[in-house]
Each structure stands twice: as structure tokens, then as C-alpha cells.
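Encoded as C-alpha cells, the structure appears first; notes follow it.
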Amino acid sequence: MAIRERLSGNEAVAYAIKQINPDVMPAFPITPSTEIPQYVANYIANGEIDTEFIPVESEHSAMSATVGACAAGARAITATSSCGMALMWEELYVAASNRLPIVLALVNRALSGPININADHSDSMGARDSGWIQIYAESNQEVYDNYIQAFPIAEDKRVQLPVMVCQDGFITSHGVENIFLVEDDKVKCFVGEYEPEHYLLHPTERMAVGPYAVSNYYMETKRGQRQAMIQARQVILEVAAKFKEMTGRTYSFFEEYKMEDAEYAVVIIGSAAGTCKAAVEQIRNTTGKKVGLIKIRVFRPFPEKEIAEALSKVKAVAIMDRSEMFSATSGPLGAEVRAAMYQAHGTAQVVNYFYGLGGRDITVSDFEKIYDNLETIARTHIVTGMYEYIGLREGTLQEEK
Amino acid sequence: MERTTYNFKEVMSKPERLAPGHRMCAGCGGTITVRTVLRALKEGDRAVIGNATGCLEVSSFMYPYTAYEDSYIHNAFENAGATLSGVETAYNVLKKKGKIQDTFKFITFGGDGGTYDIGFQSLSGAMERGHDMVYVCYDNGAYMNTGTQRSSATPQYADTTTTPAGKASAGKVQVRKDLAAIIAQHHVAYVGQSTFTANFKDLYTKAQKAIYTPGAAFLNVMSPCPRGWGYEPSEMMNICKMAVDTCYWPLFEVMEGKWILSYEPKKKMPIEEFLRPQRRFRHLFKKENEELIAQIQLEIDKRWEELRNKCN
């Protein structure tokens, strides 16, 4: 029987770590992910796990040591947020190109500056090109479930890529929710022993990691990483199916909420999906309007065909970005979804919104307005700009149109 | 610890752990440092060699060829300390779990750029945490891989590409950072400073101690660079001898907080003997720059006195 608990997102990740008992965890504290290494250090101090914790002197060293440990043949993990991940940036690419199945618990937080400790997706979205699989969560339950699924995805021979398990800083990392935990033995069995094929400490072979590869070789390396990303799609679905067998909980590339007959759709990532679901309920109950929601779970590899298909019958779509990329055309999710729809000859009108930067709240009534806008856009076929803002204080800047 | 008398012939006939065919320059000190240190490994012991980005890395592990007979990891420029601390920790866990039977030693190499400067924090962290590893700095006194830019290991008044000597400049303004002393202040298990003298006995025995003393160890090895320093390859051993005989590069070690002088020249030579064969100091021998050489001499005398006091 599943265990009923009340845990914060950070506690849920730490609990999953305890159940998995990985070999090495180098980490450096940063709000709001600090609690994760703290909990792990406590488990170690109380003799509950035999993980070795390396209290490194920076996040760059955290990921460097994680790379070293994983290349050596250990199951290696770390956790971070925001500027911590920015400091790891170089190492994210090294981890991915060395095909090391590291699992990183990322508690999403806005990047400086100005310094801000609250949730947005600028950290992970900035790293979207680093070659990591990215899995996002709406709730604490999803964070826990995603974290457990990350290992069999990363370590699958067809994949061998690092995985970032993302959750929204404070909103889920510190918010306490009811949660179902899987029994220890089931988690252990689901995740399995880590048995790498090649590693530095191999008993019978030697290995060299991290070569200088000139232009004769570099491009094929990147193509190899892409192949792993392509193969990861199948593995992500297989792991989700196995997870469903174990828990009854369903996971895929994204969740479709009331999309069967939807004419107006929001595409969103993370905890704000919960608020959006409340708006969908309210609109459907009070007006009968056919509104729906797509919540992206897997952003890398991006499920472009499936998304385009899911949006093929709607009249208008609002794509919600919780990070800036200062593109003239969109935010990161906007760019991906639009490109997917364009390639599939999608006919829906598309509007891209920035919301929630640096932890700014988004409310049910904000989403109600968004669905109202979608209705207007579908009727008039007029989208006023490539992107717009939700919750931005007016009069703070003169936008040039 | 095993202490045997040093037999040059015997040591030199041990199997090479850095294979020939790498692309380092003729007359490169860095390569000699690597070969000498790796020779100090017991033949049955396995090793994981780490490496910061630099000349050594790009010349010894060009895909798909590696010059290393042992397992090897290059990660990036500034993180050789952190990377090997991860490898060493993985070893401890896997050994504890019975997944590994062999004895492994952990040795990482970095130039002075990767060690004194960009990798300083990562080195300090790894040393402070006390991982059972050796960090070897092959100190050639500038960023040689990118073309002889100054580092904090560059001696004062050296001509480098970012501190060029010219009408309004006499080369690098600042004096060298004393990294071996800084690492000794981390209270690590072993620190040794060495270079190529006396048939490599000094470097070889220090490498043995560094590798086989449990805990974190640091070796700072002056490793001349023919391109950056501007000398004939045949001059290298003489330059090394002059470096120690002028007390520019004193040989010492620090064990359990105790400072030990490894070599005291019978006759301390004037610093000109070290400077003269090197192109990077050529401008100092102009008549108007006599004062600069005197300044260098004063600094060396001061540091030599300080070191001798520590070693008493």
C-alpha cells in the first residue's frame, strides 16, 4: 500500500533520494533548493543511507565533482537553483556530451539580476540547449514521481543523458501537500542497481574521458546526443507505463486537461497549471465555454508532433512563458510550440504571454482574462503582438509597437 | 612508507605510463613532470589521472588517441580539483560497497593557469576537504596553451604577451604568488615543491610521498616551457639547476605542518644565472634595467630567508 504523507517538494525529493540511496552527492546550498542537501546530510549523519556527500565550495565544483563521480562509475546526483545552475553552466554541457546519466534536482528560481529568490523558469530555460532531459512538475506528487522516473530514463542504454527534474521554487519546494509515497522496496526495484558499461574504475578496462575533439569529430558527437534525445522519447513513455503499473498514476510528455472538445487552450509549464485548471473548471461550469489546458511535463526532448496534434483542433492558443529570452518573437515555450504548430500547418491563432517572472503571482481571474482574449482573437483573427505580459504594472515602460 | 635508495637507472627503466606519440613540444618540462610523477606509482597500483584544460590535455588526449596508460579524465579548465574529488569519492563508496577490488590512486595535473588562477578555488576546496589525491601543478609560469599570457605564477619583470616589455613597461609588474605555501596553510597531508635536479631524485621521491601519504597532497613542480621562456631545449636542465642554486625555486616539503628544506646550495648563485638564458628576461640586461635585476635579487633573498626560518 502506498504511504500517505504530507511533504514539501524539497522533502519529497529528499525522501526519494533516501529510497534510491545513490552513491555520491556533491552539492552547494542555494535558496530554494538548500533543504535537499540538508536532508540528505541528515540521512547520512543518522546512518540511514550510505551515500557520500561532498560539501563542495561552489556549484561549479558541485557539477564538476558529480561529473567526476559519475564517470568513475557511481550513481551521482546534485541539487541546485538559479545562479547555482548558472555557475554550473559549462559543466551542464560537459555532463551531457560525456553522456553521463546524472540526475539534478532543480528548484526553479529567477536568475539575477536583480537578485530574486522566487520562482520562474529562467534558470532551466536558459539551459534548454545544454543537452539535458528536462522534466517539470505541477505538484509535489509530480516532483516525487518524476524524480524516481528520472533514473531509469537517464541510465537506459538507449539514452545515457543527464536529467533535470524541475519544480517551482517555494510554490512546490516549500509548499506542503498531501502526497502518496511508494514503498522503499518498490522504489529500489523500480530504479534498480546502477550498472554502467564503461567507467574509470572498471576492473578490467581503462577509460579516457573528456577528449579534445577537433572539427573532424565534434559534429558527430552532437549528432549522437541528438540521437539519444530522440530515443529518450520512447524510454520516457516506457518508464511512465511501468510507473503507472506500480502506482496507478499516469504520466506522458504533457497532460491534456479538458482538451477533448476544447476550442481555446492554454499551454503552460509548472505549478501555475494548477491555477489554470481552476480557471478552466470555473469557466466551463459558469459559461459552458470549451476551454482546456496543456501542461508540458517534458520540455527536452520537446514533443513537437504530439503538441501540434493536441492543438490541431483548437481555435486559439495562449502559450505561457515564465522566463524571458529577449527574443523579438517569443519566450522559449512560445518559440517551441509555435514552431511545432507551423511545421504541422496548424491553423489556430497563437498568443504568447510572459507571466510570473521573479515569482509574480498569477491568479484564476488572470487566466479567465486570458481565455476571454483567446475568444476575441479567434473571432477577430487579430493578435496585437508577438508577445504580451500578464500582471505587469502598467505605465512602467513605454512599449514601442 | 617504503623508503628505498634512489637508483636512477632502475627508476628510469620502469614502464612508462605516459605513452610516446603525444603532441607536446620538444623540450617541454610539463611532459617530464608527468612522466616522473607517474613513475612513482607502484607497478601493481592502478590510477585515475585528472587533467585541467591546457597544453598537456589538448596534446595528450586528442580524440581518438590517448597517451595515458591509466584511466584518465579531463573535465574543464578550472575544476581539476573538484573533478578528481568526485572520482575519489566514487572510489570510496564503490570500494565500501564491494564493487571494486583494485587499489586506485588519484593524481591530477594542471598548469599554473588552471591551478594558481582559474582553478584556485576548486583546488583549495579539494585540498581543504582532504580527498586522498595528489594535485600536481606543472608550473611554467604563464598561460602557455593560449600563447604566454601572464599568470599569478609569472615571475616579476617577465616579458609575456599580456605584460609585454616595451618603452613604457619592464614586463610583469607583480611578484609571484607563493602557491605551495598557500596550500600548506590548508594543513594538508603533504606539500612538496620541486623541479628537475639531481637525476630527478627530488621530484621522484616527493611524488612517491605525495601519492602514498594518505590525504590531500600538492606538488608544485617548476616545468620550463621552451616557447614561453625562450631557451634552447638543451638548456633546460641547466636552467632548472640555476633556478634552485639561485634560490629562485627552492626545493622544500611540508609534512604534518613541519617545513623541511630539501636542498641548500653550497654557493647561492646570483639571479642573473637563472635569468640570462631566457628570452623572457632579455630586456632586463639592458644597461638601464640593472636596478630591476637588483630588485628581483632582493625579493629572492627575502623569500629565501623566510623559507629558511620556517624550516628551522
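The values are calculated or read from the model by the stated rules, or taken from the named source; none is laboratory data. These numbers come from a predicted model, not from an experiment. Neighbour counts run over all protein chains shown; Cβ positions are idealised from the backbone, glycine included.
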Long-range neighbours under 8 Å by Cβ, at least six apart or interchain, first residue assigned to a helix (DSSP H, G or I) within the stretch B:292-312, second among the basic types (Lys, Arg) and surrounded by 15 or more Cβ atoms within 10 Å (Cβ to Cβ): none
Since B:Tyr72 meets every condition but one in (1) assigned to a helix (DSSP H, G or I); (2) within 12 Å of another protein chain (Cβ to nearest Cβ); (3) among the hydroxyl-bearing types (Ser, Thr, Tyr), which condition does it not meet? (1)
Out of B:Ile32, B:Ile73, B:Ile100, B:Ile49, sole residue that is free of Cβ contacts under 8 Å to residues at least 24 places away in the same chain and surrounded by 16 or more Cβ atoms within 10 Å (Cβ to Cβ): B:Ile100
Take the stretch B:128-169 and flag every residue that is in contact with a helix residue (DSSP H, G or I) (Cβ under 6 Å, 6 or more places away or on another chain) and of a type in the set (A, V, I, L, M, F, W, C). B:Met133, B:Val134, B:Val136, B:Cys137, B:Ala142, B:Met144, B:Ala153, B:Ala158, B:Ala165
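Is it true that some residue in the stretch A:193-210 is within 24 Å of the chain's Cα centre (by Cα), modelled with pLDDT of 95 or more, surrounded by fewer than 16 Cβ atoms within 10 Å (Cβ to Cβ) and within 14 Å of another protein chain (Cβ to nearest Cβ)?
no
From the list A:Tyr353, A:Tyr371, A:Tyr387, which residue is at pLDDT below 95 and surrounded by 15 or more Cβ atoms within 10 Å (Cβ to Cβ)?
Unique residue meeting the criteria: A:Tyr387.
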Count, please, the residues in the stretch A:309-331 that happen to be within 26 Å of A:Asp168 (Cβ to Cβ) and assigned to a helix (DSSP H, G or I). 1
Scanning the stretch A:47-90 for residues that are surrounded by fewer than 22 Cβ atoms within 10 Å (Cβ to Cβ) and within 20 Å of the chain's Cα centre (by Cα), the one nearest to the other protein chains (Cβ to nearest Cβ) turns out to be A:Glu90
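Restricting to the stretch B:208-235, name every residue that is of a type outside the set (S, T, N, Q), under 19 Å from B:Val188 (Cβ atoms) and over 11 Å from the mean Cα position of the chain (by Cα).
Step one: filter the stretch B:208-235 for residues of a type outside the set (S, T, N, Q), giving B:209-212, B:214-219, B:221-222, B:224-233, B:235.
Filter once more, so that each one left must be under 19 Å from B:Val188 (Cβ atoms): B:209-212, B:214-219, B:221.
Across the stretch B:208-235, the qualifying residues are B:Lys209, B:Ala210, B:Ile211, B:Tyr212, B:Pro214, B:Gly215, B:Ala216, B:Ala217.
Results for (1) facing chain A (nearest Cβ under 8 Å); (2) on the phi > 0 side of the Ramachandran plot; (3) among the basic types (Lys, Arg); (4) outside any helix (DSSP H, G or I), shown as yes or no for each residue.
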| position | (1), (2), (3), (4) |
| --- | --- |
| B:Lys14 | no, no, yes, yes |
| B:Arg23 | no, no, yes, yes |
| B:Thr36 | no, no, no, no |
| B:Leu41 | no, no, no, yes |
| B:Ile49 | no, no, no, yes |
| B:Val58 | yes, no, no, no |
| B:Thr66 | yes, no, no, yes |
| B:Gly81 | yes, no, no, no |
| B:Val93 | yes, no, no, no |
Conditions first: (1) crowded, with 22+ Cβ neighbours inside 10 Å; (2) without any contact (Cβ under 8 Å) to a residue 40 or more places away in the chain. A:Arg284 passes all but one, so which condition is the exception? (1)
So in the stretch B:187-221, with the set limited to residues that are of a type in the set (A, V, I, L, M) and touching a helix residue (DSSP H, G or I) at 6+ places or on another chain (Cβ under 6 Å), which one is surrounded by the fewest Cβ atoms within 10 Å (Cβ to Cβ)? B:Val188
Those residues of the stretch B:52-67 which are in contact (Cβ under 8 Å) with a residue 60 or more places away in the chain and either surrounded by fewer than 24 Cβ atoms within 10 Å (Cβ to Cβ) or aliphatic (A, V, I, L, M) (or both), in sequence order: B:Ala52, B:Thr53, B:Leu56, B:Val58
